[in-house]
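Remarks on the structure that follows.
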Amino acid sequence: MMNVSTKILRRAVARSTFSRPWSSISKATSLVDRSQVEGPHGKYQEEYDLSRRDPEAFWGNAAKSIEWFREPSVILEQDSQDINNYRWFPDGIVNTCYNCLDVHVKNGRGNQLALVYDSPITGNTKISFTYSELLEQVATFAGVLRDELGVEQGDRVVIYMPMIPEAVIAMLACARIGAVHSVVFGGFAAKELATRITDCDPKVIISASAGVEPKRIVPYKPLLDKALELAQHNVQHTVIVQRPNVKADCPMGPKDREYQTLMGAAQPADAVPLPANHMHYILTTSGTTGKPKGVVRDTAGWAVALKWSMGAFYDTNPGEVFWAASDIGWVVGHAYIVYAPLLNGCTTILYEGKPVGTPDAGAFWRVIEEYGAKTLFTAPTAFRAMKQADPNAEMAQQYDLSSLKNLFLAGEHSDPDTLHWCERALDKYNVPAVDHWWQTELGWPGVGNSVGLGRMPIKYGACSAPVPGFELAIADDQGNILPHNTLGDMILKLPLPPGSLTTLYGDHDRFIKSYLTKYPGYYDSGDAVYVDDDGYIHIMGRNDDVINTAGHRLSTGSMEEILMDHSEVADCAVVAAKDELKGQIPVGFVIVNAGSEMDHETLKQELVQRVRNELGPVAAFKKVAVVKALPKTRSGKTLRGTMSKIADGEEYKVTPTIEDPTVLEYLEPIIQELMGRKSN
Ligand code: COA
Ligand code: AMP
């Protein structure tokens, strides 16, 4: 058990504005003393220190690895009055798509595989593209966007697509002409899609006839049409990829254009020179309220950071095969399915399938063997699913996995059991399972074992050390910096390295308020963390109402909004509960209106269906109870954390500010039953 000490170092976080606040590493805030970490960490310490002592030298050097139309003469521009206001490479001119494709073709990689599409879910479909072929497709679709659909630099384009090559082509084509993509995960329902459409006001939406899930086809077009009905928008065209091998209802309207027809008639477009701080993309993520946050990423900073991370963090070289088993709708997919491997001249794998059931728990091992993947990056939930189906990891023994050198896990806590199972599966090959931490906001890893700089010894349950560029501290609510073994908020010192978010789309005030106000001079990650005596960082979970279901970040607040919308519901709470497969699942509690006569079973079914229809099936919202009361503090705050603890079967303390302690006694057996446990 962790010793959560109440002893605090009374050292306030810097609050003043100064011209070069980040010019030296503050010993007191640099809690993670990596000299205590034994083992061959090679160049890590040196690189880390340089990244904080002289970020301009560090990132200026990293920036040389990409091609610029105009090299930046300034590496980091800061506002001497406002610590929150800084820009990386402000006068550089660059194009990320050019760096992903044209550069490699120019430098002799034209015949190397750039993208491999492997789709066991549609019956072993396999298609691959060399760098030359992918460039041709991307340039042609960029021509479609520019000439046929009138998309100009800065226009937004929503991409709502399954995991098919056209999705990758569409993203890169946007980047080629400076259009700003906003990719929406295919598992979101029409209302969530509508929110994102309203939020970014796209000129064009690119979609497909259908997605494919293990037990069903998901027709996207009706969802898209419904979303367009619900959204406020000025969409001029929707482009639909008709999937040849998937039969789905796909009604075409006057605004709809067929991808294949458009491609047949288009002229290729060149990559346009873009200012370094041009908005590359918007990616909407869950916040504490139902209103999602449109994270904005810039162009050059992200390209430089991603390129650097491929070697220094993921230890993957040009020409090697990198596989991120995620979805293009998540930040991991943006960064490590699409952009980073291509920036680095690697082969990337686009996998349309599941870790189990397509057809079995050997699917991941097959892909590694078939394409010779050196690096696999996925969410722990994928391995938990494989572990459930194949407890002794026997399927791994049926494949030659000798190409695999590192396994990276992120997105949620990696439990030691699952890591041991991975170790057992890969025993013959001595492949380490490396846990690392990041967020949509940061765009690339913030804490982890920077394997490319020399791997530190692995400690299960911990995420090693900050990645060069990120300086972290642990603080309490008052901004006091906390010592080792004390749980607090993880805060990251400004400036964040290149690639981190620059604002929230259309809501800069919310950006400042959400991330930069509570701890002046620092970014507030929203995660509760402690550092152990060896300097290893332990991520313990969120401080807010965000939960992680099968590696998907979701807001319980948005589920509560959906429940509250039901005419029979007077009050509700959605809390996180531990789940063996998905890490966490949401569990709902509703109080019905006085006098309501609705049958409770029917109500529960309706509520489950509503969350499914409005948020999407990925929410995995299946457990809900009708209750007479919710535990509240005297100021009216629902004690969600306490309910979570009961759901997890953990001990809990009754806060002295609780309005009525008997409510917890009343709820306990209901929660136990809901979680499938017998109450004592
Ligand atoms: N489009 C439409 N529906 C989707 C979808 C998509 N792109 N992705 C998921 N869904 C649906 C599923 O069909 C399922 O629906 P159901 O309730 O009708 O069965 C629901 O959303 C939940 O899906 P999922 O989260 O995939 O759970 P699962 O129980 O089907 O599978 C795992 C469990 C562990 C196999 C699966 O969650 C998984 O592969 N996880 C990896 C997660 C990941 O890559 N995360 C990215 C972060 S790095
Ligand atoms: P997302 O923005 O979807 O990538 O989700 C980010 C959140 O996922 C973080 O704030 C953490 O709460 C959680 N998370 C990501 N990686 C890890 C990890 N390695 N261990 C524990 N939690 C993680």
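The values are calculated or read from the model by the stated rules, or taken from the named source; none is laboratory data. Bear in mind that the values here come from a model prediction, so they are computed numbers and not experimental data. Neighbour counts run over all protein chains shown; Cβ positions are idealised from the backbone, glycine included. Surface areas here come from the heavy atoms of the whole protein model, side chains and all, with no ligands, DNA or RNA. Shrake-Rupley method; radii C 1.70, N 1.55, O 1.52, S 1.80 Å.
Details
- Alpha-carbon radius of gyration plus Dmax, which is the widest Cα pair, for the range 550-674 in Å: 14.1, 40
- Only DSSP H runs of four or more residues enter the estimate; each adds -39500 (n - 2.57), and after division by the residues of the chain the mean residue ellipticity at 222 nm equals -7000 deg cm²/dmol.
- Accessible surface calculations at 1.4 Å, restricted to protein heavy atoms, place the range 550-674 at 48 Å² per residue.
- Per-residue 3J(HN,Hα) values for the range 468-478, derived from phi via the Karplus relation 6.51 cos²θ - 1.76 cosθ + 1.60 with θ = phi - 60°, read x, x, 10, 10, 10, 9, 10, 10, 8, 4, 8 Hz in sequence order (x marks Gly and Pro).
- Under Karplus coefficients 6.51, -1.76 and 1.60, residue-wise ³J(HN,Hα) of the range 492-499 in Hz, glycine/proline x: 10, 6, 7, x, 5, x, x, x
- Taking the protein heavy atoms of the range 280-320 in the context of the full set of protein chains, the accessible area attributed to carbon and sulfur is 50 percent at 1.4 Å.
- Carbon and sulfur %, accessible surface of the range 544-644 computed with the full protein complex present, 1.4 Å: 45
- Residue-count net charge about Leu404 - beta-carbon cut-off 14 Å; Lys, Arg +1, Asp, Glu -1: -3
- For a straight C-alpha distance cut-off of 18 angstrom, the lysines reachable from Lys215 (same-chain residues fewer than eight places away being disregarded) are Lys247, Lys354, Lys622.
- Centroid-to-centroid separation of the range 605-680 and the range 230-287 [C-alpha atoms, Å]: 41
- Percent carbon-and-sulfur accessible area, the range 324-464, ignoring ligands, DNA and RNA, probe 1.4 Å: 48
- For the range 509-597, the direction-averaged projected area of the alpha-carbon convex hull comes to 9.1 nm².
- Burial order of peptide ranges 582-593, 297-308, 355-366 (average beta-carbon count within 10 Å, highest first): 297-308, 582-593, 355-366
- Highest average packing first - 242-248, 82-88, Cβ atoms within 10 Å: 82-88, 242-248
- Highest average first, the peptides 197-205, 619-627 ordered by how many other beta carbon atoms sit within 10 Å of their residues are 197-205, 619-627.
- Cα shape, the chain, gyration tensor, a/c 1.5 rule: rounded
- Normalised alpha carbon radius of gyration of the range 274-372 [divisor 2.2 N^0.38 Å]: 1.24
- Heavy atoms of the protein chains alone define the surface here; on that basis the range 87-353 has 30 Å² accessible area per residue at 1.4 Å probe size.
- Rounded is the label for the range 87-353, because the ratio a/c of its alpha-carbon gyration tensor axes (a ≥ b ≥ c) stays below 1.5.
- Long-range amide H partners of Thr130 with built H, under 5 Å: Ala114
- Net dipole in debye of the range 640-680 [+1 Lys, Arg Cβ; -1 Asp, Glu Cβ; about Cα centre; nearest 20]: 140
- Secondary structure note: in the chain, about 60% of the DSSP beta bridges are antiparallel.
- Close amide H partners of Asn543, meaning residues 5 or more places away or on another chain with modelled amide H under 5 Å apart, are Asp527, Ala528.
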